[in-house]
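> Sharing a structure, written as structure tokens. Questions coming.
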Ligand code: SF4
């Protein structure tokens, strides 16, 4: 796999095909030009957000039946557990964890596709619950998702021009007269030949389909792209092209990204900040360089140890002990304690809090209390 752009934005290898001539920036994207500022509110902030699936309201009769064993309490999946998460304008945040750790659910909460079970979502500093329906719709349009399986996320019965342009047309970003030019501009921006606009999704390769998904997201002029394992289903050579495209678009449109991946290696060269999740909780967060140089949490260290490196020959991979526990019944205390080689007695009963251990470096581990 050729190396994608670094998070500084410089291409490390020329891997993408020659990009077509870029159309003029569509109206609305000019508003994105406001740059990252630490003193402006985050684009999206989750505050003590939890998401549980399978909960149902219980009435006194149900509770009585459950108490005497005539009914079973519902199985509740604890997908997200009191998470604080912010995304600032212009940032590229890598969100990493094993499959089933809740990172995709967190992505859907950020994109507004799921509502939290508890906690607060803030959009540019304003409580999502305090916005009018129209304001919420407009704010939500500014966050778009790119999904793992490009084919499953495209309607096979629609032509590409409809798939890409329909959202923009419905939301009044383009009128009927300008529709064709607008769709062509989005396709070109995503590295596709606009002449292919009348084809159907099955007539494209996996990489091209992912570009269609990107063009569709760009068509509604987002500020934030949440990319959920967006390159995991692609060949490694195509992965590099798509990652380079994401970084080019970041430069052109001042986009903000959340890259969700199970693979630390994928986010290493792209992210400004890396957030590590384990079973619904954030266990470590730090600038990318810091987390790769000075990982603190035992889980982060285990993930880093498993990144294959060309320069390390005859490496012995020590797999993490055991499997990710079920979110139906997360372990008590620190969720990682059944697999942690450094677990202390208190780890079984006491959940560690996420706290600062260096500048912009947070970690949730009781070992830091002893330091
Ligand atoms: Fe391991 Fe305890 Fe730290 Fe959890 S809190 S990572 S179990 S040492």
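> Can you tell me which residue in segment 346-361 is surrounded by the fewest Cβ atoms within 10 Å (Cβ to Cβ), limited to those that are touching a helix residue (DSSP H, G or I) at 6+ places or on another chain (Cβ under 6 Å) and over 23 Å from residue 287 (Cβ atoms)?
By that ranking, first place goes to 348.
> Same structure again: Is segment 152-164 home to any residue that is closer than 23 Å to residue 255 by Cα and in contact with a strand residue (DSSP E or B) (Cβ under 9 Å, 6 or more places away or on another chain)?
Checking segment 152-164: at least one residue is closer than 23 Å to residue 255 by Cα and in contact with a strand residue (DSSP E or B) (Cβ under 9 Å, 6 or more places away or on another chain).
> Restricting attention to segment 248-257, report how many residues are buried (at least 22 other Cβ atoms within 10 Å of the Cβ) and in contact with a helix residue (DSSP H, G or I) (Cβ under 6 Å, 6 or more places away or on another chain).
Total satisfying the criteria: 1.
> Here's something else I'd like to know. Looking at segment 57-69, I want the residues that are free of Cβ contacts under 8 Å to residues at least 24 places away in the same chain and have a partner that is assigned to a helix (DSSP H, G or I) with Cβ atoms under 8 Å, at least 6 apart or on another chain. Which pairs are those?
58/66
> Something else about it: Within segment 267-276, can one find any residue that is touching a helix residue (DSSP H, G or I) at 6+ places or on another chain (Cβ under 9 Å), buried (at least 18 other Cβ atoms within 10 Å of the Cβ) and assigned to a helix (DSSP H, G or I)?
yes
> Applying the selection to segment 346-361, what residues are within 9 Å of the ligand (Cβ to nearest atom) and more than 22 Å from residue 291 (Cβ to Cβ)?
Of everything in segment 346-361, those that are within 9 Å of the ligand (Cβ to nearest atom) and more than 22 Å from residue 291 (Cβ to Cβ) turn out to be 346, 348, 350.
> Okay, next question. When you go through 343, 364 one by one, which is the residue that is within 10 Å of the ligand (Cβ to nearest atom), surrounded by 14 or more Cβ atoms within 10 Å (Cβ to Cβ) and modelled with pLDDT of 95 or more?
Answer to the selection: 364.
> If residue 225 meets every condition in (1) closer than 19 Å to residue 268 by Cβ; (2) crowded, with 22+ Cβ neighbours inside 10 Å; (3) at pLDDT below 95 apart from one, which number is that one?
(3)
> Tally time: how many residues in segment 204-222 are more than 19 Å from the chain's Cα centre (by Cα) and at pLDDT 95 or above?
1
> Next question, about the same structure. Restricting the search to segment 228-247, which residues are touching a residue at least 60 places away in the same chain (Cβ under 8 Å) and surrounded by fewer than 20 Cβ atoms within 10 Å (Cβ to Cβ)?
Answer for segment 228-247, where residues must be touching a residue at least 60 places away in the same chain (Cβ under 8 Å) and surrounded by fewer than 20 Cβ atoms within 10 Å (Cβ to Cβ): 232, 233, 236, 237.
> Give me a count of the residues in segment 298-322 that are surrounded by 12 or more Cβ atoms within 10 Å (Cβ to Cβ), more than 24 Å from residue 76 (Cβ to Cβ) and either modelled with pLDDT of 95 or more or within 13 Å of the ligand (Cβ to nearest atom) (or both).
Here the count works out to 6.
> Okay, moving on. List the number of the failed condition for residue 82; all other conditions in (1) more than 20 Å from residue 363 (Cβ to Cβ); (2) surrounded by 15 or more Cβ atoms within 10 Å (Cβ to Cβ) hold.
Looking at each condition in turn, residue 82 falls short on (1).
> Also: Return the only residue of 330, 325 being more than 9 Å from the ligand (Cβ to nearest atom), in a loop (DSSP other than H, G, I, E, B) and in contact with a strand residue (DSSP E or B) (Cβ under 7 Å, 6 or more places away or on another chain).
Checking each option against the conditions leaves just 330.
> So, in segment 73-103, how many residues would count as being in a loop (DSSP other than H, G, I, E, B) and touching a helix residue (DSSP H, G or I) at 6+ places or on another chain (Cβ under 7 Å)?
2
The values are calculated or read from the model by the stated rules, or taken from the named source; none is laboratory data. The shown structure was predicted, so the numbers you read here are calculated from the model rather than taken from an experiment. All Cβ positions, even for glycine, are placed from backbone atoms using ideal geometry, and neighbour counts span all protein chains on display.
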